[in-house]
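Worksheet: one structure, shown below.
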């Protein structure tokens, strides 16, 4: 499904509740922002039941957060008020290894 979007991942957001024994999130869903010719959020369920990912296209780049909240409200929660009880974690990559077709080598970014 993501192959048709033809873009690069700009953000990955974990959505769920904090684990009771430590300070890390236990995600029920993962949202991935892919940007290319047209940006879109893809929502993946982390549950045991097989559920197809949901693609939600952003209206404009300056509405990514609004689009993410609409996606969460329509597919994870029924009520925006429930967002008060939902933990959301946005993580910045600290390390990546990506294959570069241009240089035909691995590019490692610390």
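What follows draws every value from the coordinates through simple rules; no lab data is involved. Please read these numbers as outputs of a predicted model, since none were measured by experiment. Cβ sites come from the backbone with ideal geometry, for glycine too, and all protein chains shown count toward neighbours.
Here are the numbers for the structure shown:
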read-out: Stretchable slack from residue 108 to residue 74, in nm (0.36 nm times residue separation minus alpha-carbon distance); value: 8.5 nm
read-out: Full-extension gain in nm, residue 55 to residue 97, via 0.36 nm per residue minus C-alpha separation; value: 12.5 nm
read-out: 30, 72 arranged by Cβ crowding within 10 Å, fewest neighbours leading; value: 30, 72
